[in-house]
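First comes the structure, then the notes that go with it.
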Amino acid sequence: MEGEAAAAKPKGRLCVICNQKRAALKRPKTLEQICRECFYAVFEEEIHRVIVDNQLFKPSERVAIGASGGKDSTVLAYVLSELNRRHNYGLDLFLLSVDEGITGYRDDSLETVKRNEIQYGLPLKVVSYKELYGWTMDEIVKLIGMKNNCTFCGVFRRQALDRGAALLKVDKLVTGHNADDIAETVLLNILRGDIARLSRCTSITTGEDGPIPRCKPFKYTYEKEIVMYAYFKKLDYFSTECIYSPNAYRGFAREFIKDLERIRPRAILDIIKSGEDFRISTSTKMPEQGNCERCGYISSQKWCKACVLLEGLNRGLPKLGIGRTRGANHETSKSIKQRNGTTDSIQSKQCGSLDF
Amino acid sequence: MTSFRLVGVISIVTLIRSFKMLMFFCLFLRGGLELLCDSVKIHNVDLEPENGEKQLTMKHLLSWVRTNLIKERPEMFMKGDSVRPGVLVLVNDCDWELSGQLDTTLEDKDVVVFISTLHGG
Ligand SMILES: [Zn+2]
Ligand SMILES: [Zn+2]
Ligand SMILES: [Zn+2]
């Protein structure tokens, strides 16, 4: 890869699609060298194909874009509003953001989302942890410390997005999860032996049985291309890490995926393919879905995860509901035993990004 | 540096540059990498090519950046003698994977952009 490229200066390399302009990047998916204009065209067209082939939307649907201000959701908002116009999807698009209440992090990224609201002409709805749960992340961290706070982040954010989507009365919620994210999640679910999640995490649409289905139009889109697209198009996104502890285990999986990608970029699509091809054996019991007795949110337990965590916070026992019965660090769970006697594993993507 | 551009200074700088063959580069750190350099996103640097050569490779530039620009957590930027996987590099707005990555040769006034893809979502 490096050897053959080393010979020529970039100036001499022509785009393999149009054969006219200077190539600007090497596509990880196909290894083609293409120019900027051809890149925009294939990037957008591939996402359009994914949307059409998987029938992600129906005309006149209301669709919320989970917007964190980060690269993925910013590019998603831009491309989706572009495709909606170009191909007459007939969608009503909205931006939906969650304000976790993290000083100096979320305030800044929310400013980015507010600029996107104007730049792309999409109405924005912000739901906050404070108004939904009575607690900001800053307050939670003050109480429980830096460890385990991502559990709160992940559980609360997921539910906050659903509640925001309900307030907007949308039919669907789309998130910016990209191919790298999904490959990483496949790997993590294998490492944790979580077969139920393994088969679910590659689905392009999830929660069709719940109130608001979620879909991932970037399922096959490489992170490298998303970042290149944002760079060439000069899209305005926010890229600071969350100040609260990231998930170290996920960090290792991420690094491993990136190392594989450098050696063989196809690896990312192949891992997704492997995840898709896993089928749940009948011996693995899938949890039954019901509703939380306290708040009515979808839950396989008596109380939903957010209510269990909130109960702990409000009673001054913040460790309640944290920890898992399975997984990497076989630590004994301090969670209250719930209806079916097991506790589900709670995991979240690192702060600043949206959960599955 | 530009604020000192009096006529005399310019000629001296020009003299030194042609004498020592300093090369000028403009480096951009994006996508969170600027946090490793006191949040400074744009760095104008002068570098001297090794043993009097007229050009310099990305490998050389990277080791210079690591020693001179990165203030904290170098492992977020580098792995071995290259950038960490997940950090994109563009030389004059062209993906360095097209120009030989570490073997890419740089010329005077080239613009090099480093973008981390690893922050946020
Ligand atoms: Zn082209
Ligand atoms: Zn978190
Ligand atoms: Zn509940």
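Read-outs: derived from the displayed coordinates by stated rules, not from any lab. Bear in mind that the values here come from a model prediction, so they are computed numbers and not experimental data. Positions of Cβ are backbone-derived with ideal geometry, glycine not excepted, and every protein chain shown enters the neighbour counts.
Projected label points at A:Glu82 and A:Glu139, each 7 Å from Cα along the beta carbon direction, are separated by 4.1 nanometres. What FRET efficiency, computed as 1/(1 + (r/R0)^6) with R0 = 51 Å and r the Cβ-Cβ distance, is obtained for A:Arg294 and B:Asp103, rounded to the nearest 0.05? According to the calculation, E is roughly 0.25.
Would you please classify the overall shape of region A:143-189 from the alpha carbon gyration tensor, given that a ≥ b ≥ c denote the square roots of the eigenvalues, rounded means a/c under 1.5, and beyond that prolate means a/b larger than b/c while oblate covers the rest?
In terms of gyration-tensor shape, oblate.
Here each label is just a point 7 Å from Cα along the line to Cβ, and for A:Leu167 and B:Gln55 those points are 5.7 nm apart.
What trypsin sites (Lys or Arg not before Pro) in region B:41-93 are in a loop by DSSP, with at most 16 other Cβ atoms within 10 Å of the Cβ?
B:Lys41, B:Lys54, B:Lys71
Going by the alpha-carbon gyration tensor, a ≥ b ≥ c the square roots of its eigenvalues, is region A:40-277 rounded (a/c under 1.5) or, if a/c is not under 1.5, prolate (a/b greater than b/c) versus oblate?
Rounded shape, in that the Cα axes give a/c under 1.5.
Is there a pair in A:Lys26/A:Lys258; B:Lys41/B:Lys71; A:Lys58/A:Lys172; A:Lys224/B:Lys59; A:Lys216/A:Lys273; A:Lys71/A:Lys219 whose C-alpha atoms are over 19 Å apart, and which pairs would that be? Going by Cα-Cα distance, A:Lys224/B:Lys59 fall outside the 19 Å limit. Placing dummy labels 7 Å off each Cα toward the beta-carbon, the span from A:Leu14 to A:Lys234 is 2.9 nm. Mean separation of Cα pairs under 8 Å and 6 or more residues apart, divided by the residue count, gives region A:40-277 a relative contact order of 24 percent. Note on B:Phe24 and A:Asp270: with the Förster distance fixed at 41 Å, the Cβ-Cβ geometry gives a FRET efficiency of about 0.40.
A Förster distance of 25 Å, applied to the separation of the beta-carbon atoms of A:Arg115 and B:Ser82, puts the FRET efficiency at 0.15.
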